[in-house]
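Chemist: A single structure is presented below for examination.
The values are calculated or read from the model by the stated rules, or taken from the named source; none is laboratory data. Keep in mind that this is a model prediction, so the values were computed, not measured. A quick note on method: Cβ atoms are made from the backbone with ideal geometry, for glycine too, and the neighbour counts reach across all protein chains shown. Protein only, heavy atoms only, side chains kept; ligands, DNA and RNA dropped before computing areas. Shrake-Rupley method; radii C 1.70, N 1.55, O 1.52, S 1.80 Å.
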Amino acid sequence: MRFTRRLFASGTLPSYLVMAVLIVLIVGAVLTTLLPKVVESGAIVVRREQDDQKIDIQNSFTIIMQSYNRTDLLLKLLNHYQAIPSLHKIIVVWNSVGIKPPKELWDSLGPHPIPVIFKEQTVNRMRNRLEPFPELETKAVLMVDDDILISAYDLDFAYSVWQQFPDQIVGFVPRKHVTTSSGIYSYGSFELQNAAGRSGDHYSMVLIGAAFFHTVYLEKFKIQVPAVHTLIDKTQNCDDIAMNFIVAKYTGKSSGVFVKPVDMRNLEKDSNSGFNGMWHRAEHLLQRSWCLNQLAAIYGSMPLKYSNIMISQFGFPNYANHKTKS
C-alpha cells in the first residue's frame, strides 16, 4: 500500500508499467476484432441448430410401413406412432395401385409432430418396401406391417437394443429353419419352452414385419442376384426370409436378436376392408419352406445360424425358455 501511494503521489508511472498497459489494450483490441459480428452470431446459432438436428437424426429411426387396402388401419397406426420417442419420419409404401393414398385427409387433420411420406407404387409387389428410399436419413429402420400395433415402450426398448446390435435384425417375431433327415429345409415356428425339460427352443430368423435393422441392408437387398427378386415376386412372399439370409451372410453370425414384446397387437380384425393378410393363405407355410430351399440353392449354402437369446425388459439378456410346453 505504501508503494502504491508513493507511485501515484509522484504523478508518474514507470515506463515498464506503461508498456504493460499498452500491450494489454492492444491485445484486447485485436481479440475484439476477431469476435463474430451480430450477423455472424446468427449464423453460429443456425449451425448449432443444424448440428443438433444431425445428432437427433443419428439417434433416431424411420418407420417403413407397406400398406394395401387398409386405409382405416393405416390412419389408426399413423396416429399411434406419432407419439413414439426417437421417431424421425414415417414412410408409407402405398401398394394400393390405382387408388389415391389418404395424404390429403391425413394432412387436413394436422399438424402432426412426425412427417409422413406416401410413396405411391405402380406395381403391387411385396419387395416394394425394401427400397433404399431417398427420403431415408437415419441409419435405423423400423419395418412394421400395416396391421401391427407395437407399444411405445416396446419400440423405445427395442431401439435401444438395436443400438447395441446394429448389424443384426432386432425384432419381435422369431422363426426358425428345420433341417430334415433328407437334407431338405422346413420353415418352423418358435415356442418359448421350459428349459428344465431341456426343450428350450431356438430361432434362426427374425421377421422384418416388426423389426429394426440398418439401412445398409436395403442397399444390399437391391443388389442381390436377380433370382432372389424373381423368387419374391413369384411368390409374393419370403422377402423377410431373404433379408435374414443377407444379414447372416454379411455378418457371419445369427441374423437376428429376439426382443420379447410386452404389448404388441394384431389389428387385422379391426379393419373394415375385409382384406386378410397373406399368412392366411393355405399355401403360405409351404411357400416359405420352398423359399428356404430355393434361397439356399441360390446362395450355395445355408447361412442361417441358431440363437436362443431373448432380450426382455424384465431380464437382460435371458434365454428363450419362459413358457412351459404343454
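Chemist: Which of the residues spanning region 221-253 are within 17 Å of residue 306 (Cβ to Cβ) and open to solvent by 30 Å² or more (accessible area, probe 1.4 Å)?
Modeler: Listed by number, the residues that qualify are 249, 251, 252, 253.
Chemist: Quickly run through region 101-114 and pick out the residues that are touching a residue at least 24 places away in the same chain (Cβ under 8 Å) and surrounded by fewer than 12 Cβ atoms within 10 Å (Cβ to Cβ).
Modeler: 105, 113
Chemist: Ok, one more. Can you report the number of residues in region 294-307 which are farther than 17 Å from residue 224 by Cα and in a helix (DSSP H, G or I)?
Modeler: Residues meeting the conditions: 0.
Chemist: Can you pull out every residue in region 293-316 that is free of Cβ contacts under 8 Å to residues at least 12 places away in the same chain and either open to solvent by less than 60 Å² (accessible area, probe 1.4 Å) or among the small types (Gly, Ala, Ser) (or both)?
Modeler: 297, 300, 301, 315
Chemist: Given the criteria under 12 Å from the mean Cα position of the chain (by Cα) and either surrounded by fewer than 18 Cβ atoms within 10 Å (Cβ to Cβ) or of a type in the set (Val, Ile, Thr) (or both), does residue 163 qualify?
Modeler: Yes.
Chemist: Let me ask something else. Cβ-Cβ distance below 8 Å, separation of 6 or more or different chains: which pairs start in region 128-141 with a residue that is farther than 19 Å from residue 224 by Cα and end on one that is of a type in the set (A, V, I, L, M, F, W, C) and modelled with pLDDT under 95?
Modeler: Final answer for the pair search is 137/57; 138/57.
Chemist: Let me ask you something else. Quick check on my filter: what residues within region 77-100 are surrounded by 15 or more Cβ atoms within 10 Å (Cβ to Cβ) and not in a loop (DSSP other than H, G, I, E, B)?
Modeler: 77, 78, 81, 87, 88, 89, 90, 91, 92, 93, 94
Chemist: Are there any pairs, at least 6 apart or on different chains, whose C-beta atoms fall under 9 Å, with the first in region 53-71 and under 26 Å from residue 121 (Cα atoms) and modelled with pLDDT under 95 and the second assigned to a helix (DSSP H, G or I) and open to solvent by 70 Å² or more (accessible area, probe 1.4 Å), and if so, which?
Modeler: Close Cβ pairs (under 9 Å, with a partner that is assigned to a helix (DSSP H, G or I) and open to solvent by 70 Å² or more (accessible area, probe 1.4 Å)) amount to 71/105.
Chemist: If you don't mind, there's one more thing I want to ask. Every residue in region 190-209 that is open to solvent by 50 Å² or more (accessible area, probe 1.4 Å) and at pLDDT 85 or above, please.
Modeler: 202
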